[in-house]
Amino acid sequence: MHRFLAVVLTLLAFGFLSGAQAGTITARISLSSQTMTVTDGGFVRHKWKISTARRGYVTPTGSYRAYWASRHHRSRKYDNAPMPYAIFFKGGYAVHATFDLKRLGRPASHGCIRLHPNNAAVFFSLAQKYGLRNTKVIITR
């Protein structure tokens, strides 16, 4: 029994038995700094520039769980605008890719959290890996 426990602990220490499937991925969005920090098991894995709601629109603050993912989503509300790698967390609000790269780092959206397409693909992949139930989106001022 001691030997079995030693092997399991060794495998965990070297990352061979990851708790990823049962773990949580968390995206912390700061409206003031226009950044998204992604943590995996409590460790910071990514920090990216984002765009959130511009004047006249709102990005909701609070803590949410992702509930729907759409790889090739298009907005029904905003003229079929592309929203690739969309991870929805509240109503029509999502974390998704944008092609308006020059505006990353400052408010520019109708309320969604916009990311560089490469970063959105990474976040989408992580949400798929961990499961939507285990994907948190926390938005603060």
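Just so it is clear, none of the values below were taken in a lab; they were calculated from the coordinates. What you are looking at is a predicted structure, and each value in this text was computed from that prediction instead of being measured. Quick reminder, even Gly has a Cβ in these numbers, built from the backbone with ideal geometry, and neighbours come from all protein chains shown.
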Ranking G62, A120, M83 by how far each Cα lies towards the positive end of the charge dipole of segment 49-124 (+1 on Lys and Arg Cβ, -1 on Asp and Glu Cβ), the top one is G62
So R106 and K129, fully extended at 0.36 nm per residue minus their Cα-Cα distance, gain in nm 5.4 nm
Note, K129: beta-carbon cut-off 15 Å, +1 each Lys/Arg, -1 each Asp/Glu, net +3
With +1 on the Cβ of every Lys and Arg and -1 on the Cβ of every Asp and Glu, the dipole magnitude of segment 19-140 about its Cα centre, in debye rounded to the nearest 20, is 180
Neighbour-count ranking for I87, I138 (other C-beta within 10 angstrom, fewest to most) reads I138, I87
Charge tally for neighbours of R114 with beta carbon under 9 Å away, counting Lys, Arg as +1 and Asp, Glu as -1, is 0
Residues of segment 38-73 with backbone N under 16 Å of the label point set 7 Å from the Cα of F99 along Cα→Cβ are 72-73
T37 and S63 label points (each 7 Å along its Cα→Cβ direction) are spaced in nm at 1.6
